1. Where in the stretch 30-52 does the amide nitrogen come within less than 15 Å of the point 7 Å from the Cα of residue 91, taken along Cα to Cβ?
2. Working from Cα positions, state the angle (0 to 90°, nearest 10) between the long axis of helix 86-95 and the longest principal axis of the chain.
3. Where does helix 49-64 land angle-wise versus the long Cα axis of the chain, in degrees 0 to 90, nearest 10?
4. What does the C-alpha gyration tensor say about the overall shape of the stretch 1-104? Classify as rounded when a/c is under 1.5, otherwise prolate if a/b is larger than b/c, or oblate.
5. Kindly provide the helix-only [θ] at 222 nm of the chain, computed as the sum of -39,500 (n - 2.57) over DSSP H runs of four or more divided by all residues, to the nearest 500 deg cm²/dmol?
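Derivation of every value follows stated rules applied to the coordinates shown; laboratory data play no part. A quick note: this is a predicted structure, and the numbers were derived from the prediction, not measured. Here the Cβ positions follow ideal geometry from the backbone for every residue, glycine too, while neighbour counts run over all protein chains shown.
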């Protein structure tokens, strides 16, 4: 794990248009979140101790601030890290009762 400084966009930044199937087997677009005052984009996974440690915080925030939309993106290659596979992320989402979608990028390098 490498610690990198996060690059952020300015408040009010408009998301590029995209659609993708998420671990709940539904498709989402940025327009799905128009009823939210903010959209938090989280990059996380299922195996990393840092990500595992943040799940309780994320769950607390989703429950405390329903006006904020959350999405999670997992960009790990499940060919190398089985715990980050589509199926394992589905289990994570259900077991933690996440109220937001998780997208699997599954980048191949």
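1. Of the residues in the stretch 30-52, 46-48 have backbone N under 15 Å from the label point off residue 91.
2. So the inclination is approximately 60 degrees.
3. In the chain, helix 49-64 runs at an angle near 30 degrees to the longest axis.
4. Working: a/c = 1.40, a/b = 1.32, b/c = 1.07.
Rounded, since a/c falls under 1.5.
5. Numbers: 2 runs with 26 residues, N = 109.
Calculated at 222 nm, the ellipticity per residue is -7500 deg cm²/dmol.
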